[in-house]
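A.B. asks: If you scroll down you'll find the structure; I have some questions about it.
The values are calculated or read from the model by the stated rules, or taken from the named source; none is laboratory data. Note that the coordinates shown come from a computational prediction; the quantities given were computed from them, not determined experimentally. In this analysis, Cβ positions are derived from the backbone assuming ideal geometry, glycine residues included, and neighbour counts consider all displayed protein chains. Heads up: the accessible areas ignore ligands, DNA and RNA and are worked out on the full protein's heavy atoms, side chains in. Shrake-Rupley method; radii C 1.70, N 1.55, O 1.52, S 1.80 Å.
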Amino acid sequence: MTGSGLTCDRMRSLLLVLFVLMGACSGNAGAEITTIPTTTSTSTTTTITTTTPSTTTEPPPAVPEIARALVTPTGVVVSVLEETATGYRVTTPCGNEATVSEGTPLGTTQVVIDPGHGGEVDTGAVGANGLIEKHLNLDVSQALQAKLIVRGIDVVLTRTADYASRLGVRAGLADQLGADLILSVHHNAPTPGPSARPGTEVFIQSASEESRRLGGLVWTRAMAALSDFDIAWVAAPDAGVLTVLSTRGNDAYGMISGPRTVSVLAELGYISNPAEADLFATTDYVDAVSDALADAVENYLTTEATGAGYVGEPRVFNPQPGIGGSLCVDPALE
């Protein structure tokens, strides 16, 4: 939770997010937002200023007693199976075992953010403007991570760049880190009918009241932020906070059924809708929606608020399975 002062754990988290973001940038990871239309009126320009580095000596980040996960030298977050005399035995993003000689060890965390999709095969949906969902999901997740850390909340991403990661590995990372919650970030397709308001959908665990509470907060905050933009929205008739069951009767999505951790999956809007895709390609959108999600997560962790948007009847749907082992290509870990 939040508190006064900058503890060692908080300092470790701040240094970690800076390390990960710099690593992603140096490797062209995530591709940020690849297409920004010149006709969009809501786009902004970011000015980068250079400052003189401080000469203040900061204490080193705290090392956890038990390494539950590891940020490898290439910035990839992996679960630790065993710490050895020469390094770490880990689970790779594709679910394989590997040995890593060094890295930044992680203990428990409060929040895990899952940028949906990733890699050459699992790109997610693509907008008419060329915006690719996997990049947009990562941009929003990295902005959210940075804002949560500023608020004193420990957070880890399941995917830190544009590489594939299997659903079971993502879900398992949240459990491994003992997280309070995992939030999976997505943008939807195909396009439904027109709507007077955003078509945000938040999928929750059917048997978890805490997932229901988190989902209501995410939906309420996201809807409020998106409603400030005046565009041609689309929405499904049952959009809101809902359970999605397969025809077998279980939670349909792997990021909902897989984790023991409290989990929600947010489809923030429709990248397949040209008007929304143009909005999503702006820094205004990324900043607004990441602020909204940070508010929702903080509210969940620090209050008993419940939010709104709950849909009574479950949706029945059989989604496509996640990327299989034969198609998953692991990123370099060192």
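A.B. asks: Just checking, does region 110-128 include any residue being farther than 27 Å from L279 by Cα and open to solvent by 10 Å² or more (accessible area, probe 1.4 Å)?
C.D. replies: There is at least one residue in region 110-128 that is farther than 27 Å from L279 by Cα and open to solvent by 10 Å² or more (accessible area, probe 1.4 Å).
A.B. asks: Follow-up. Every residue in region 266-299 that is closer than 18 Å to Q142 by Cβ and open to solvent by 10 Å² or more (accessible area, probe 1.4 Å), please.
C.D. replies: Listed by number, the residues that qualify are T283, D284, V286, D287, A288, D291, D295, E298.
A.B. asks: For the list (1) under 20 Å from D330 (Cα atoms); (2) open to solvent by 10 Å² or more (accessible area, probe 1.4 Å), I need the number of the one condition that C94 fails.
C.D. replies: Exception for C94: condition (2).
A.B. asks: Taking the condition of being of a type outside the set (A, V, I, L, M), in a loop (DSSP other than H, G, I, E, B) and buried (at least 18 other Cβ atoms within 10 Å of the Cβ), how many residues in region 237-255 meet it? Can you show your working first?
C.D. replies: Applying the first criterion (of a type outside the set (A, V, I, L, M)) to region 237-255 yields 237-238, 240, 243, 246-251, 253-254.
From what is left, the residues that are in a loop (DSSP other than H, G, I, E, B) are 237-238, 240, 243, 246-250, 253.
With the extra rule that they be buried (at least 18 other Cβ atoms within 10 Å of the Cβ), the set shrinks to 240, 243, 253.
Of the residues in region 237-255, 3 are of a type outside the set (A, V, I, L, M), in a loop (DSSP other than H, G, I, E, B) and buried (at least 18 other Cβ atoms within 10 Å of the Cβ).
A.B. asks: When both residues are 6+ apart or on different chains and their Cβ atoms are under 6 Å apart, which pairs have a first residue that lies in region 296-320 and is more than 17 Å from V218 (Cα to Cα), and a second that is among the aliphatic types (A, V, I, L, M)?
C.D. replies: P314/L245; R315/L242; R315/V244; V316/L245; F317/V244; F317/A252; P319/A252
A.B. asks: For residues that are part of a loop (DSSP other than H, G, I, E, B) and on the phi > 0 side of the Ramachandran plot, tally how many sit in region 72-124.
C.D. replies: The first filter runs over region 72-124 and keeps only residues part of a loop (DSSP other than H, G, I, E, B), leaving 72-76, 85-86, 92-96, 101-103, 107-110, 116-117, 119-121, 123-124.
Among the residues that remain, those that are also on the phi > 0 side of the Ramachandran plot are: 75, 95, 103, 117, 119, 124.
Of the residues in that region, 6 qualify.
A.B. asks: Sort out which residues of region 276-313 are in a loop (DSSP other than H, G, I, E, B) and either in contact with a Pro (Cβ under 6 Å, 6 or more places away or on another chain) or not polar (S, T, N, Q) (or both), and write them in order of number. First the steps, then the outcome.
C.D. replies: Taking region 276-313 first, the residues in a loop (DSSP other than H, G, I, E, B) are 281-282, 303-309, 311-313.
Correct list: A281, E304, A305, G307, A308, G309, V311, G312, E313.
A.B. asks: Look through region 188-203, keep the residues that are open to solvent by 20 Å² or more (accessible area, probe 1.4 Å) and of a type in the set (S, T, Y), and return whichever of them is nearest to V262 (Cα to Cα).
C.D. replies: T191
A.B. asks: Which one of the conditions (1) surrounded by fewer than 24 Cβ atoms within 10 Å (Cβ to Cβ); (2) more than 15 Å from the chain's Cα centre (by Cα); (3) part of a helix (DSSP H, G or I); (4) of a type outside the set (A, V, I, L, M, F, W, C) does G172 fail to meet, given that it meets all the rest?
C.D. replies: (2)
A.B. asks: Could you identify the single residue in I153, I182 that is part of a strand (DSSP E or B) and either more than 12 Å from the chain's Cα centre (by Cα) or at pLDDT 95 or above (or both)?
C.D. replies: On the way: I153 fails: part of a strand (DSSP E or B).
One residue alone meets the criteria, I182.
A.B. asks: So which residues in region 233-270 are of a type in the set (S, T, N, Q) and closer than 22 Å to V297 by Cβ, if there are any at all?
C.D. replies: Let us first name the residues in region 233-270 that are of a type in the set (S, T, N, Q), namely 243, 246-247, 250, 257, 261, 263.
If the condition is that a residue be of a type in the set (S, T, N, Q) and closer than 22 Å to V297 by Cβ, then T243, S257, T261, S263 are the ones that fit.
A.B. asks: While we're looking at this one, here's another question. Any residue at all in region 56-69 that's modelled with pLDDT of 75 or more and assigned to a strand (DSSP E or B)?
C.D. replies: So in region 56-69, the residues modelled with pLDDT of 75 or more come out as 63-69.
With assigned to a strand (DSSP E or B) added as a condition, the list becomes 69.
Yes, region 56-69 has at least one match.
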